[in-house]
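Read-outs throughout are calculated quantities, based only on the coordinates presented, and are distinct from any laboratory measurement. Worth saying up front: this structure is predicted, and the values here are computed from it rather than measured. Here the Cβ positions follow ideal geometry from the backbone for every residue, glycine too, while neighbour counts run over all protein chains shown.
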Amino acid sequence: MDVPLVRATESSLLGYGCLVRHPDQCEIEIVKWPAQGRRPVDDGTGVGGGITEGTFCGEWKGDILMGKNSAVGGHYVLGWACDPQMASEDSTGPREEVRLWHFNYHPDGGQLFFPLNNQPFVVPVALPGDDLRPEQVIALWCDGSMGLYIHPGIWHEGIFPVRDRQRFLDRQGRVHARVSCDFGEEFGVYLKVPLLNPES
């Protein structure tokens, strides 16, 4: 299933997050721990997890896009440049799209991806809600001159570098709660996320 590619602007990001000119100008939202019943969580509590930061690296190994997030100790397959069953680490073919299999959101806090290399990147996103459908997903194309911040609860996957490898400053909630969706398992599809500039 094809995902629409949208240039990341202040208007296209409404509801999802915002562009960030400097990482120190971005406050990471932390969501208060939910109450278990009718009694509310006390004021000033439930937000003590704070934020964590590290480097998020997206790197192509042939047809396979790998992600590594030192902020939370994550290392995973983000997607493939072709049918996953045909993918090879030795491939040198063109990469015009990513076959996306997985999505997640963080209910505890927002997340900032700030590029350490001034190169274009793509981030697939969808608005909050557990009734996620593949047709709700869009892909944000960023030119690499600014970072991308997403609000808590925004469905997303890690960054997709347009070139071979790209590093980002990653800041996010330290609790790192994660709710996931496997598109293949739930819907029987991979999502095709384009990597090329939507204006080219």
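Compared with the direct C-alpha span, the chain from residue 180 to residue 163 gains 3.5 nm at full extension, assuming 0.36 nm per residue.
Computed from label points 7 Å out along Cα-Cβ, the spacing between residue 75 and residue 136 is 3.3 nm. Result for the chain in a Gaussian network model with C-alpha springs under 10 Å: among 69, 117, 104, the largest mean-square fluctuation is at 117. A Gaussian network model of the chain, with springs between Cα atoms under 10 Å, assigns the largest mean-square fluctuation among 27, 97, 59 to 27. Among 165, 174, a tally of other beta-carbon atoms within 10 Å of each Cβ gives an order, fewest to most, of 165, 174. If R0 is taken as 22 Å, the Cβ-Cβ distance between residue 189 and residue 61 corresponds to a FRET efficiency of 0.40.
Residues of segment 109-129 with amide nitrogen under 13 Å from the 7 Å Cα-to-Cβ point of residue 143? Within reach of a label on residue 143: 119-121.
Starting with the fewest neighbours, write out 116, 19 ranked by other beta-carbon atoms found within 10 Å of each beta-carbon.
On the way: 116 14, 19 18.
Ordered by Cβ neighbours within 10 Å, fewest first: 116, 19.
Which of the GluC sites (Glu not before Pro) found in segment 125-200 are loop residues per DSSP with 16 or fewer other Cβ atoms within 10 Å of their Cβ?
Here the sparse-neighbourhood loop sites are 199.
Relative contact order of segment 91-200: 45 percent, from C-alpha pairs under 8 Å at least 6 residues apart in sequence. Farthest toward the positive end of the dipole of the chain, out of 91, 6, 117, is the Cα of 117, where the dipole comes from beta carbon charges about the Cα centre.
When the Cα convex hull of the chain is projected onto planes of every orientation, the mean area is 11.9 nm². Placing dummy labels 7 Å off each Cα toward the beta-carbon, the span from residue 21 to residue 7 is 1.9 nm.
Report, in whole Å, the centroid distance computed from the Cα atoms of segment 149-192 and segment 86-118. Cα centroid to Cα centroid, the span is 7 Å. Evaluated at q = 0.12, 0.15, 0.17, 0.23 Å⁻¹, the base-10 log of the normalised Debye intensity for segment 36-96, with identical point scatterers placed on the Cα atoms, takes the values -0.51, -0.61, -0.67, -0.92.
Basic side chains Lys and Arg get +1 at the Cβ, acidic Asp and Glu get -1 at the Cβ, and with that the dipole of segment 41-89 about its Cα centre reaches some 160 debye. Stretched out straight at 0.36 nm per residue, the stretch from residue 104 to residue 14 would grow longer than its current Cα-Cα span by 30.5 nm.
Pairs of Cα atoms under 8 Å, at least six residues apart: use those to get the relative contact order of the chain, whole percent.
Values: 502 pairs, mean separation 64.8, N = 200.
32 percent.
Roughly how many debye, to the nearest 20, is the charge dipole of the chain about its Cα centre, given +1 on each Lys and Arg Cβ, -1 on each Asp and Glu Cβ, and no other charges?
400
For the chain, what is the calculated [θ] at 222 nm in deg cm²/dmol (nearest 500), taking -39500 (n - 2.57) for each run of four or more DSSP H residues and dividing by its residue count?
It lands at -500 deg cm²/dmol.
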